[in-house]
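> The structure's right below; bear with me while I get my questions together.
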Amino acid sequence: MAVNVLTEEKIWFDKCKYDDAETQYYIHLNNPVTAKEQNPPAMQENGASNILRDIARARENIQKSLAGNVLLVNHQTSAVQGSDVELCTRVTSLEKENQSLHQVVEDLRLALSKLETRLSTLEKSSTSPKPVVCPPAPDNKPSTKQPEAAEDEDDDIDLFGSSDEEESAEKERIREERLREYAAKKSKKPALIAKSSILLDVKPWDDETDMVELEESVRTVQLDGLVWGGSKLVPVGYGIRKLQIQCVVEDDKVGTDLLEEEITKFEDYVQSVDVAAFNKI
């Protein structure tokens, strides 16, 4: 009866073994073995060679960095020297310009002093009294030339005025000739013909109308003072296109009403004619 009760109970009989294994595991974690116990001599040699290689690589890197620093320092010194040279050249050029400006200023001062001296001399001369010149005494002798001049003037006078009449007649004849020439030129000048540029919209009956024949029919309209120009087909809608045609007309001979009347005679093709644009030339 007691044995049966023990079999039914759940008891961990090996707990002490597991406790010992756990303590050994934690002891192993807290006290690891040394490198000599873990690695054989061959592994130690490999580790030493790796360390030597790392040391050599570090030395190379240090040497390269030092060489780069030396080059950088040399470059900086050369740049500083170049900037010093440029600064010296600029300073010398500025000194030369300063000297030239000093020379110009000196020249201006000399010119100004000369002008001042000239002005002072002119002022002194203008303020100094001028000598008075006495006019010559009039001659009281009677002149014998005045009667002769009067006699010459009397001889030049034409009492009948024949020369004036001849000059006026000549001027009148020249004026009449010029007027006749101007009238002749004006009559020969061609009169200005007033013209207009008209853009017509010719609309067909439907989309089955032959637009080529419609345009040919429109161009058959020939009138005095009418010149046909370019044309194009413009879509209206639903497959229907209208003819847009240009023409130039003389205003005194051809009008828009006459054009519309002549074009609408082609009733088989033309539904209506509208004036899209009208410009004077």
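The values are calculated or read from the model by the stated rules, or taken from the named source; none is laboratory data. Since the structure is predicted, the reported quantities are computational estimates derived from the model, not experimental observations. Glycine also receives a Cβ, built like all others from the backbone with ideal geometry; neighbour counts cover every protein chain displayed. Heads up: the accessible areas ignore ligands, DNA and RNA and are worked out on the full protein's heavy atoms, side chains in. Shrake-Rupley method; radii C 1.70, N 1.55, O 1.52, S 1.80 Å.
> If you filter the stretch 214-274 for trypsin sites (Lys or Arg not before Pro), then keep DSSP loop positions with at most 15 other Cβ within 10 Å, what is left? Before the final figure, lay out the partial values.
Working: sites: 219, 232, 241, 242, 253, 265; in loops: 253, 265.
The qualifying sites are 253, 265.
> Then there's this: Name all residues of the stretch 257-272 having a backbone nitrogen under 18 Å from the label point set 7 Å from the Cα of residue 194 along its Cα→Cβ direction, giving them as ranges.
257-259
> Quick check: residue separation of residue 53 and residue 21 times 0.36 nm, minus the Cα distance between them. What number comes out in nm? Show your work: numbers first, answer last.
Working: separation 32, 0.36 × 32 = 11.52 nm, distance 4.23 nm.
Full-extension gain reported as 7.3 nm.
> Less than 14 Å Cβ to Cβ from residue 173, Lys/Arg counted +1 and Asp/Glu -1: what total charge do the surrounding residues give? Mind showing how you got there, number by number?
On the way: positive: 171, 175, 178, 180; negative: 165, 166, 167, 170, 172, 176, 177, 181.
Charge balance near residue 173 sits at -4.
> Suppose the chain between residue 183 and residue 104 were pulled fully straight at 0.36 nm per residue; how much longer would it get relative to their current alpha carbon spacing? Provide the component values of the computation, followed by the final result.
Numbers: separation 79, 0.36 × 79 = 28.44 nm, distance 7.35 nm.
Difference between extended and current length: 21.1 nm.
> For the pair residue 257 and residue 112, how long in nm is the line joining their label points, each one 7 Å along Cα→Cβ?
9.0 nm
> How large is the dipole of the stretch 157-281 about the Cα centre if only Lys and Arg carry +1 and Asp and Glu carry -1, each at its Cβ, rounded to the nearest 20 debye?
400 debye
> Another question, then. Grab the other residues whose beta carbon is less than 15 angstrom from that of residue 195, score K and R as +1, D and E as -1, and report the net. Before the final figure, lay out each step's value.
Values: positive: 253, 280; negative: 224, 250, 251, 252.
Around residue 195, the charge tally is -2.
> Right, something else. Report the FRET efficiency, 1/(1 + (r/R0)^6), for residue 246 and residue 174, where r is their Cβ-Cβ distance and R0 is 45 Å, rounded to 0.05. The partial results should precede the final answer.
Working: r = 53 Å, r/R0 = 1.18.
Using R0 = 45 Å, I get an efficiency of 0.25.
> Just the number, please: carbon plus sulfur as a percent of the accessible area of the stretch 181-281, 1.4 Å probe, no ligands or DNA/RNA counted.
Numbers: 3430 of 6730 Å².
That share works out to 51 percent.
> What is the sum of charges, Lys and Arg at +1 and Asp and Glu at -1, for the other residues whose Cβ falls under 13 Å from the Cβ of residue 278? Don't skip to the end; give the middle numbers.
Working: positive: 195, 280; negative: 201, 251, 257, 260, 274.
Residues close to residue 278 contribute a combined charge of -3.
> If you don't mind, another one. Only Lys, Arg, Asp and Glu count, each charged at its Cβ (+1, +1, -1, -1), so figure out the dipole size of the stretch 171-239 about its Cα centre, rounded to 20 debye. Intermediate results must be reported in sequence, preceding the final value.
Working: 13 positive and 13 negative charges, 299 e Å.
Charge dipole of the stretch 171-239: 1440 debye, to the nearest 20.
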